[in-house]
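Remarks on the structure that follows.
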Amino acid sequence: MVQRTHLTGARVVLPDGVVDNGRVTVEGTRITAAGPAAGPAAGHTAGPAAGPTSGPAAGPAAGLTAGPAAGPAAGPTSGPAAGPTAGLTAGPAAGPTAGPTSGPAAGSSTGSASGGGERALDLAGGWIVPGFVDLHVHGGGGASFSAGTPEEALTAIHTHRRHGTTTMLASTVTGDLDDLARQAAALSELVEQGELAGIHFEGPFISPDRCGAHQPSLLRAPDPADVRKLVDAARGTARMMTLAPELPGGLESVRLLADSGVLAAVGHTDSTYEATLEAIEAGATVATHLFNAMPSLLHRAPGPVAALLEDERITVELINDGTHLHPAVLGLAFHRAGADRVAFITDAMGAAGMSDGRYPLGPMEVEVKDGVARISDGPTAGSIAGSTLTLDRAFRRAATIDGLGVEATVRALSATPARVLGIADRVGSLEPGKDADLVVLDDDFRLRGVMRRGTWVVHPELG
């Protein structure tokens, strides 16, 4: 018998609003109901969610009674909520389960621990939000995806899962092409096993004038043949590549990536406004950590920032750690693009989840002091080298210090990046039929629990 778990009493953030005293029901690896605690409207059923959750909602949620959200006042949100009506229910989850949950659920329950049945967990005073989706992360827990070994990759994956990131891309760092191809081949196995959502190549096809924490001697222009070599090495698991489109071969490479189903991201670039528009027309759809490693926005030279912010086809990555972006700049970008075009990322390197010290970042060494990572030696010494951020901290900062509102923050951390990756039919929101990926927060937005595919990574009461 498949275990059915009812998470009750919390404020639940659904695609079309917040439900006070809500509930989420999980069977096996899937969500089968989400809505008010009193239960769904009679007669409404739904199968697994189909397609990305973009576009206007079908109408008011049946039986939805969204009370006021606790915490700071919600800021403006952009675009109508998407997805099925809140409070719908689905039949038993299809497909095999992901294995037993880690640890028994606390609270009132019925049924046996080994034979499935019903359990309930009272999360009163907290929040239930979708699992976070990170488009851009290099490592964590002292490990790096660039090491190219399953052991290091899994350490990084599990570190970020414990902080609420249930879906992530593995980002590489500029290196020799053959080394990057070997890394991609190794990481592709973890994608095929479901541990990762894909591979993101950041470099080596970036501007030497905006290289940041990338080794200048290893940079090269984006020759389409070299771009194809890395995409092929990933064996169908390449999901995104960051490049500078103004370099020789840049536009051709953007077209190649778009035709191959790989997201072309503009970043680490010295591009002009006009050249950036050309890249967008060629098929670029993502801005890699907007503002960082690109020309500043000037009143007579708007550069790539203005082009990327104004075009509705572009999703902009923002690093919300208080170091990479001034809060006023983050707010400007967020409210201009809107939550449906913003993806909060970590850009985390191996020191995420660790203490200050020295850590490798690809072929370079980074020193972390007071939680800020900088290149320690060489021609780029002193440059910010990624972050030590985790997405639970990004959530809390957005919902409190930045005052962006809980629903908008959830979209930027979950729904929008899931849509960008083309997996919004499975993750990114709390809806019947989707993977049971969710995060439990306390009333001050501190992480309390993490569930991935129906298994507790961090149990709300056991820690």
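The values are calculated or read from the model by the stated rules, or taken from the named source; none is laboratory data. No experiment lies behind these values; they were computed from the predicted model shown. Cβ placement follows ideal geometry from the backbone for every residue including glycine, while neighbour counts extend to all protein chains displayed. With ligands, DNA and RNA removed, areas are computed over all heavy atoms of the protein, side chains included. Shrake-Rupley method; radii C 1.70, N 1.55, O 1.52, S 1.80 Å.
Quick check on A258: is it under 24 Å from the mean Cα position of the chain (by Cα) and buried (at least 17 other Cβ atoms within 10 Å of the Cβ)? No; evaluated as a whole, the condition is false for this residue. Could we say that R336 is open to solvent by 30 Å² or more (accessible area, probe 1.4 Å) and touching a helix residue (DSSP H, G or I) at 6+ places or on another chain (Cβ under 9 Å) here? For R336, the condition - open to solvent by 30 Å² or more (accessible area, probe 1.4 Å) and touching a helix residue (DSSP H, G or I) at 6+ places or on another chain (Cβ under 9 Å) - is met. In summary, strands (runs of 3 or more DSSP E) completely within the range 117-190 and bearing 2 or more residues that are open to solvent by 30 Å² or more (accessible area, probe 1.4 Å) occur at 117-122. The combined condition, being open to solvent by 20 Å² or more (accessible area, probe 1.4 Å) and in contact with a Ser or Thr (Cβ under 8 Å, 6 or more places away or on another chain), is not fulfilled by A264. Residues in the range 241-287 that are assigned to a helix (DSSP H, G or I) and either closer than 13 Å to F205 by Cβ or among the aromatic types (F, W, Y) (or both): G250, L251, E252, S253, V254, L256, L257, Y273, A279.
To keep it simple, each residue is scored yes or no on (1) assigned to a loop (DSSP other than H, G, I, E, B); (2) out of contact with any strand residue (DSSP E or B) (no Cβ under 6 Å at 6 or more places or on another chain); (3) of a type outside the set (V, I, T).
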site	(1), (2), (3)
I401	yes, yes, no
L413	no, no, yes
V420	no, no, no
P432	yes, no, yes
V440	no, no, no
V450	no, no, no
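Hey, among R336, R341, which residue is closer than 28 Å to G164 by Cα and either under 19 Å from the mean Cα position of the chain (by Cα) or modelled with pLDDT under 95 (or both)? Steps first, answer last, please.
Numbers: R336 fails: either under 19 Å from the mean Cα position of the chain (by Cα) or modelled with pLDDT under 95 (or both).
Testing whether each residue is closer than 28 Å to G164 by Cα and either under 19 Å from the mean Cα position of the chain (by Cα) or modelled with pLDDT under 95 (or both) leaves just R341.
Any residue at all in the range 290-305 that's closer than 25 Å to V191 by Cβ and surrounded by 17 or more Cβ atoms within 10 Å (Cβ to Cβ)? Outline the logic, then answer.
First, pick out the residues of the range 290-305 that are closer than 25 Å to V191 by Cβ: none.
No, the range 290-305 contains no residue that is closer than 25 Å to V191 by Cβ and surrounded by 17 or more Cβ atoms within 10 Å (Cβ to Cβ).
Report, by residue number, each residue of the range 381-407 that is more than 12 Å from G322 (Cβ to Cβ), surrounded by 17 or more Cβ atoms within 10 Å (Cβ to Cβ) and touching a helix residue (DSSP H, G or I) at 6+ places or on another chain (Cβ under 9 Å). Matches in the range 381-407: T390, L391, F395, A399, L404, G405, V406, E407.
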